[in-house]
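Have a look at the structure below, then the notes.
Taken together, the values in this text are just the output of simple stated rules run on the coordinates, not laboratory data. Since the model is a prediction, treat every value here as computed from it, not as a measurement. Positions of Cβ are generated from backbone atoms using ideal geometry, with glycine treated the same way; all protein chains shown enter the neighbour counts.
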Amino acid sequence: MRPILALAHKELLYLRAYPLDLVSYAISPALIVAPYLLVARLFGFDAGLVDSVAVGLLLWYWLSTLLGGVGLGLEEEMEEGVVETLLAHPISVPTLLVAKALGTVILNLYITGAMVAWFFAFGIPLLLPWPAFIALALLAGAGISGFMLALAALMLLYKRTFFTYDLVQASLGALSGVTMPARLLPRPLWIVSRALPLSYGIESVRRILAGGGVGPDIGPLVGLGLVYFLVGRKLLTVAERRMRAAGTTGEF
Amino acid sequence: MISCSRVAKTYVVRERAGLFRRGVRREIDALHGIDLEIGQGEFVGLLGRNGAGKTTLLKIVATLLLPTAGEVEVDGIDALREPTKVRRKLGVVLAGERTLYWKLTAMENLLLFGGLQDLPRREARTRSAELLQLVGLFGFADVSVEKFSSGMRKRLAIARALIHRPPVLILDEPTTGLDPHGVEEVWEVLRALREEGTTVLMATHNMLEAERLPTRLLIIEGGRLLADGTPQEITARSGAQRMAVLTLGSRPNVEKDLLVHELGDGMYSLAIPVDRLPALLARLQAEGVYLANVEIVQSGLWEAFLRLTGRPFDTLPDTQRDEE
């Protein structure tokens, strides 16, 4: 646990080094949520649907940041040139990624706070059952951990994976029904969405927003999440082994 | 402490051939079956030219690189099967300056890497203070590493590697790019470690460093170990010696194997191995030859290294295989 805490602490110290990032994290959510909410209002949707869009965005922004923070997390270490030094220590790559996740979660609390403040500014009070929402958000984060590991594996092998991240992030968002229910997707895409753990996470959130319980979606969220996690873990192991065999630990 | 048995490494690289064409696939044999035993408390220098295989060998011992064949043990632990355990035994300072987080202070870096070695915070803080004292950076504990000079960063990197009191320290060209003062500062730290009995494996291509620090020297070339011994032994075995160049006021009467070169204006120069210098000086004095200058040139090890590894541009090591 000590290595994870030490690395997560480093993440926070780096925020101190780049204070303008904090300003950006506070302002950028407004730029993202505004178009969706304005469109929702322009077309005369009721307050419930606006709330639903808002929650989808909140959850999605949270998960996107987590996906990037962990999946592309080693980028910062590569740019610093310290990946190789870190790998010479008795910590595994998954340990590094868990620390990244912890640092991102802490950062996300700040971003979520900023985002909620923007929602208030847009006149959306977000009357959510917050404890259940936070628990589901964390579970959904765990549900996409397989994708984070797979992205990290690609990063170890190819060093730059922004395109893959954008592709995974956009596809996950569209197919799991972030801004519209997945049942409205064409049937082939709907079938794909059924294979994504996040679809079930978002549906659960929508259900609790409508005053219901989390319902039967928790099972597929956890089960599929576990399958993706195991696949991602395997990819990461293979990637790390190939990187150590190729001698590219010091490259970026 | 370190044992390598028949360690070999082949890199596979593909040459670039424009945007779309696939280039030639090439295999480069970086190490050819290295056998090596390093005992506790030895300070071993690994001397070789660029591309000789020094860093590859160090990285294999440090578990950063997987060998193509062979076995490596550190303190009796198999480095290929139990790399994490081995990493607890090692302090590693890789080449280059970017082995630290530059935005963090010296103390923050040490505490971070102490945490990675699972040191309790309080113990890490005490140890960090000791190490900053050892490397002469105590007064800079709270200064960002980005403000440090190259030499300070190197010393801090050494302190970072020692945070968990590792029995073995691995250093890859620790003084490359440093000015003489920076080099001397790093050497001072390394000498202290040598006196303490820390086991050190250090790659270098700095002859002075190789001559002055290690208690044992390995010369590596083309992925093979060519020589093993103290710097003095290797120099003596290769037949190379430190030379003294004398500038004289008249032609001396010397043995035929010594070349006397006429400089003009009645001055002559003469090069002689330093072990023959006292006898020659006595004779010159007896003959009344005016001695204008004595200069000691080229370390003996320098000459020995060139003799063992060939002159610059002599060869491209016979280690590459091309495939279409």
message: Using 20 Å as the Cα-Cα cut-off, could you pick out the over-long pairs in A:Lys10/A:Lys100; A:Lys159/B:Lys85; B:Lys9/B:Lys89; B:Lys103/B:Lys154?
response: A:Lys159/B:Lys85; B:Lys9/B:Lys89
statement: Which of A:Leu67, A:Leu209, A:Leu31 fluctuates most in a GNM of chain A (C-alpha springs under 10 Å)? That residue is A:Leu31
task: Quick one: dipole size for region B:1-150, taken about the Cα centre, charges +1 on Lys/Arg Cβ and -1 on Asp/Glu Cβ, in debye to the nearest 20.
output: 780
- request: Taking the Cβ of A:Lys100 as the centre, find all other residues whose Cβ is under 11 Å away and add up their charges (Lys, Arg: +1; Asp, Glu: -1).
  value: -3
- prompt: Among B:Leu178, B:Leu213, B:Leu225, which one shows the biggest mean-square fluctuation in a GNM of chain B, springs joining Cα atoms closer than 10 Å?
  reply: B:Leu178
Positive-pole candidate from B:Ile38, B:Ile272, B:Leu110, dipole of the protein assembly as shown, charges at beta carbon: B:Leu110
query: How large is the dipole of chain A about the Cα centre if only Lys and Arg carry +1 and Asp and Glu carry -1, each at its Cβ, rounded to the nearest 20 debye?
result: 580
message: At 0.36 nm per residue, and after removing the present C-alpha to C-alpha distance, how many nm does the segment from B:Val274 to B:Arg81 gain when stretched out fully?
response: 64.5 nm
- prompt: What ranking, highest mean first, results for peptides A:122-132, B:42-52 when packing means the other Cβ atoms within 10 Å averaged over each residue?
  reply: B:42-52, A:122-132
- request: Pop a pseudo-label 7 angstrom from the Cα along the beta-carbon direction at both A:Leu109 and B:Gln232 and give the gap in nm to one decimal.
  value: 6.4
- prompt: With each pseudo-label sitting 7 Å past Cα toward Cβ, what's the A:Ala17-A:Arg233 distance in nm, one decimal?
  reply: 3.2
- prompt: On average, how many beta carbons from a partner chain sit within 10 Å of the beta carbon of a residue in B:62-69?
  reply: 4
Sites B:Ala192 and B:Ser144 - FRET efficiency at Förster radius 41 Å, r taken between beta-carbons, to 0.05: 0.95
task: Round to the nearest 0.05 the FRET efficiency obtained for B:Arg6 and B:Glu184 when R0 = 30 Å and r is the Cβ-Cβ distance.
output: 0.20
- request: Could you check which residue among B:Glu82, B:Glu97, B:Glu173 shows the biggest mean-square fluctuation in a GNM of chain B with a 10 Å Cα cutoff?
  value: B:Glu82
message: Suppose only helical runs count, i.e. DSSP H with n ≥ 4. What mean residue ellipticity at 222 nm does that imply for the protein assembly as shown under -39500 (n - 2.57) per run, divided by all residues and rounded to the nearest 500 deg cm²/dmol?
response: -17000 deg cm²/dmol
statement: Per the charge dipole of chain B (beta-carbon charges, Lys/Arg positive, Asp/Glu negative, Cα centre), the residue among B:Leu156, B:Ser144, B:Leu218 reaching farthest to the positive end is B:Ser144
- prompt: Which residue, chosen from A:Gly177, A:Leu189, A:Val116, occupies the Cα position most advanced towards the positive end of the dipole of region A:97-209, where the dipole is computed from +1 (Lys, Arg) and -1 (Asp, Glu) charges on Cβ about the Cα centre?
  reply: A:Leu189
Local net charge near B:Arg14, Cβ-Cβ under 9 Å (Lys/Arg +1, Asp/Glu -1): +3
task: Using the Cα centre as the reference, give the magnitude of the dipole from point charges on the C-beta atoms of the protein assembly as shown (Lys, Arg: +1; Asp, Glu: -1; all else neutral), rounded to the nearest 20 debye.
output: 1760
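Just to confirm a number: summing +1 for Lys and Arg and -1 for Asp and Glu over residues other than A:Ser145 whose beta-carbon lies under 12 angstrom from that of A:Ser145, what do you get? Spell out each step's value before the answer.
Numbers: positive: A:Lys100, A:Arg233; negative: none.
Here the charged neighbours net out to +2.
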message: Sort B:65-71, A:81-87 by the packing proxy (mean of other Cβ within 10 Å over each peptide's residues), most packed first.
response: A:81-87, B:65-71
